[in-house]
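The values are calculated or read from the model by the stated rules, or taken from the named source; none is laboratory data. Not measured: the values here are computed from a predicted model. Cβ atoms come from the backbone with ideal geometry, glycine included; neighbour counts cover every protein chain shown. Accessible surface is based on the protein model in full, side chains and every heavy atom, while ligands, DNA and RNA are left aside. Shrake-Rupley method; radii C 1.70, N 1.55, O 1.52, S 1.80 Å.
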Amino acid sequence: MKQYNVTGMSCAACSARVEKAVLGVPGVTACSVSLLTNAMGVEGTADEAAIIRAVEEAGYGASPKDKPAAPTTQEDPLADRETPVLRRRLWLSLGFLLVLMYFSMGHTMLGLPLPAFFDGNHVAMGLVQLLLTIPVMIINKKFFVSGFKGLMHKAPNMDTLVALGSTASFVYSLYALFAMTAAPAEEAMHWMHEFYFESAAMILTLITVGKMLEARSKGKTTSALRSLMQLAPATATVVRNGAETEIPAADVHLDDVFIVRPGGSIPVDGVVLEGSGAVDESALTGESLPVDKAVGDAVSAATINRSGYLRCKATRVGEDTTLSQIIRMVSDAAATKAPIAKLADRVSGVFVPVVMAIALVTVLVWLLVGREFGFALARGISVLVISCPCALGLATPVAIMVGNGVGAKNGILFKTAVSLEETGKAQIVVLDKTGTITTGSPVITDILPADGITEAQLLHGAALLESRSEHPLASAVMQLCGERHIVPAAAEDFRALPGNGLTAKSEGHAYQGGSVKYLSAVLSGNERFKAEAERLAGEGKTPLIFACDGNLLGMLAAADDIKPESAQAIRELQGMGIRTVMLTGDNRRTAGAIGQKVGVDSIVAGVLPEGKAQVVNQLKEYGKVIMVGDGINDAPALTSADVGFAIGAGTDVAIESADVVLMSGKLTEAAAAIRLSRKTLRVIRQNLFWAFFYNVIGIPLAAGVFIHLTGWQLNPMFGAAAMSLSSFCVVSNALRINLTKIFDSRRDRKITPVNLPDLQTEGTGEDTTIKEEQTMEKTIHITGMMCPHCEANVKKALEALDAVAEAKVSHTAGTAVVTLTADVADDVLKTTVEDKGYEVKGIE
């Protein structure tokens, strides 16, 4: 996506006009214009000059954004430069406006004194108001320049409405002043009531108030991104020619050696060459505890060395650092649009012309019903100045920007506005086992050589095969072999069969290794090893079989520890009404053991990488699906899902297959991302409702529709005040997202869970796909049972219910513990027991 800066936009109508103009350029496949950041993202093959020319022909300015470089503290590209300008305009306007209001309303309404010169001199009063209004109009000339420029380009915007309203008030007041000079003295007072000079000035001033409040609030929406850009240090200490030299961080080159002392910030991404330390990575991952770093470990720019001395080599500099990629992702997300904004965009595109037409019709209707021109004009001006396309245009992007910022601060990166919106609609979360639910770093727990084979012989065979594999289990085998000082022998004709096993030849012997299913022929007749494999799988371990020339060498068992927070994260997802499905290539017994420990709703075992995408596609028929994986082996499934989450990618955020990146690798971030998305969606809906409701009620009120019903009549000044506050309210509401505690599950709203299907896939690995039947227990406290016969009576009645898998009844304890495969209402259980003549005291 190529990004551009756009100038001259003042409202949603402007952004809609720019978007339409650029989409008309040949070669442009997609365009998204952000009123919030005055930025435009364009995709396609169109020439840069053609895009800029299209924007300029639409009446606006455009220039290409420089590629995001390494963040520096020299200049803040997100600094709020608009608010100081608007504040200065506001104070100057207020200075003239207060004097104008004293003359126009203070004397007549409040009886405030005036110099004797003005007694009865109505023309002088009018001239003073004229002279005080003109400076206010000059100070706020931007409204007129932008508004009438848009009108000339047939692209009227919010400034057009303000300019027309203020101009109409001023011109009619000017006409009244000239008419007063030609009228008899007794009619002069009548023309005094036709002056709208104060309305012309007040409209401009109040709109400036609203613009300033809006700009100030908009500045706060980018605070998270701004804080990210300010994280990287300005300088770095590098080693050149054997001496330490302090240079600007932007001047660090690839492979430079740099030094980071305790308390210092790491300037670029690198790898530790010497020393050790505890590095605070909270700015990137949201993880508060420092991470220990030693020789060979990777470090990232903008993280802080809390203790120890680190000598590192630069591996990624400039725009390639992790921090720069995060900034780019957040910026790109701000430049995209959420689907929920489409209605507002369509309305914004025609909003201003429609409002202008309504204002004209309002004036004509009031004239036709016999009201004086001044009254009719006031109603038309009120319509112009109360209408607010900005509230519509800002309703979605400000919430998206704040939501993205909150996510970034907590290590959750949404690549697009679409992913932020769709995440909150999730009904099913599919979890890859290895590296997502588990740590992804298995270790060998059991070594079982075959009869007549030593451990060393088994490990030599395993090392020969696994040394050439990139599978996580291979790392566990090689770690053990390294500890035993076993060196892999030379091999040829090495082959890896994904999801099955490995083959190779060495010194005339054929070696095989892999799953129990793959080497079932080798185990044929060996009941002891079959039983051991079943036992190990039941403990959640993965059995690995090794053979040489078709003869069994033995078996290794690998275990991958469950992450401490996995079970909690799955409970949180289920508490939100989201179904959880675990996908794994492991055998059924191993998968079942892991799934039971963490409590997932369904398990799909023995699935090859290509089969995972098939499972995801099946699940999409039942609801919105999030796939959570490592972003590499799970790429097809991540792409197939409605939203793909890459987890544990804190050192490489540029995972193309994922829509959301969870930096710290904790599964609880997936629940937090859904929580944040739901909050953002609620705020967007509130903003859109307010924006539409405000205009639907405000425009008829300004037009005078309710005058004959309720007597309500809106002064143009109050209309301008309402307009100025509407955008401010929308932006302020969006800022509430900053208060969201995204890791707090206490206020989660539970949606109705979907029913999961019995999943079937083609081309699965060693096992068929299974669905684990999840159960729940209820304890019924019963009185009246006297003997085992009573127990059997109650047990038979309860187990006759469809959803009751088992009922354990005790007449001595006075309880019936019921195991349910689906929820059964307490009333049903109570009635079933009491129909047999016993009394139920309670159910828990």
Return the residue satisfying two criteria in turn: it lies in region 472-492 and is assigned to a helix (DSSP H, G or I) and over 42 Å from the mean Cα position of the chain (by Cα), and of such residues it is nearest to Cys548 (Cα to Cα). Cys481
Against the condition touching a Leu at 6+ places or on another chain (Cβ under 6 Å), at pLDDT 75 or above and of a type outside the set (Ser, Thr, Tyr), how does Phe96 come out, does it pass? yes
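Residues are listed down the side, and each one gets a yes or a no for (1) outside any loop (DSSP other than H, G, I, E, B); (2) modelled with pLDDT of 85 or more; (3) small (Gly, Ala, Ser):
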position	(1), (2), (3)
Leu289	no, no, no
Asp292	yes, yes, no
Ser307	yes, yes, yes
Arg311	yes, yes, no
Ala314	yes, yes, yes
Glu319	yes, no, no
Leu323	yes, no, no
Ile326	yes, no, no
Ser331	yes, no, yes
Which of the residues belonging to region 774-800 are open to solvent by less than 40 Å² (accessible area, probe 1.4 Å) and among the hydroxyl-bearing types (Ser, Thr, Tyr)? Thr779
Taking region 700-723, which residues are part of a helix (DSSP H, G or I) and either open to solvent by 10 Å² or more (accessible area, probe 1.4 Å) or at pLDDT 85 or above (or both)? Pro700, Leu701, Ala702, Ala703, Ile707, His708, Leu709, Thr710, Met717, Phe718, Ala721, Ala722
Before we move on, is Glu507 surrounded by fewer than 14 Cβ atoms within 10 Å (Cβ to Cβ) and under 49 Å from the mean Cα position of the chain (by Cα)? no
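Listed here are the residues, each with its yes/no results for (1) surrounded by fewer than 24 Cβ atoms within 10 Å (Cβ to Cβ); (2) over 13 Å from the mean Cα position of the chain (by Cα); (3) touching a residue at least 60 places away in the same chain (Cβ under 8 Å).
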position	(1), (2), (3)
Asp659	no, no, yes
Ala670	no, no, yes
Thr680	no, no, yes
Gln686	yes, yes, no
Phe689	yes, yes, no
Asn695	yes, yes, yes
Gly698	yes, yes, yes
Which numbered condition Gly665 misses (of (1) more than 29 Å from Ile207 (Cα to Cα); (2) in a helix (DSSP H, G or I)): (2)
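Could you grab me the full set of residues in region 308-328 that are under 27 Å from the mean Cα position of the chain (by Cα) and open to solvent by 60 Å² or more (accessible area, probe 1.4 Å)?
Hits for region 308-328 are Arg316, Glu319, Asp320, Arg328.
Which residue, of Arg495, Arg528, Arg535, Arg484, is in contact with a strand residue (DSSP E or B) (Cβ under 8 Å, 6 or more places away or on another chain) and not aromatic (Phe, Trp, Tyr)?
Result of the check over Arg495, Arg528, Arg535, Arg484: Arg495.
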Residue ranges of helices (runs of 4 or more DSSP H) in region 181-241 with at least 1 members open to solvent by 30 Å² or more (accessible area, probe 1.4 Å) and either in contact with a strand residue (DSSP E or B) (Cβ under 9 Å, 6 or more places away or on another chain) or at pLDDT 75 or above (or both): 197-221
Which residues, counting only those in region 120-178, are among the hydroxyl-bearing types (Ser, Thr, Tyr) and either open to solvent by less than 30 Å² (accessible area, probe 1.4 Å) or not in a helix (DSSP H, G or I) (or both)? Thr133, Ser146, Thr160, Ser166, Ser169, Tyr172, Ser173
Only one of (1) modelled with pLDDT under 85; (2) surrounded by fewer than 22 Cβ atoms within 10 Å (Cβ to Cβ); (3) not polar (S, T, N, Q) does not apply to Gly631, and that is (2)
Looking across region 258-282 at residues that are open to solvent by less than 30 Å² (accessible area, probe 1.4 Å) and among the aliphatic types (A, V, I, L, M), the single one that is nearest to Leu662 (Cα to Cα) is Val279
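Residue-by-condition table, conditions (1) open to solvent by less than 60 Å² (accessible area, probe 1.4 Å); (2) modelled with pLDDT of 85 or more; (3) over 29 Å from Ile674 (Cβ atoms); (4) outside any helix (DSSP H, G or I):
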position	(1), (2), (3), (4)
Leu759	yes, no, no, yes
Gly763	yes, no, yes, yes
Glu766	yes, no, yes, yes
Asp802	no, no, yes, yes
Lys808	no, no, yes, yes
Thr819	yes, no, yes, yes
Leu829	yes, yes, yes, no
Val840	yes, yes, yes, yes
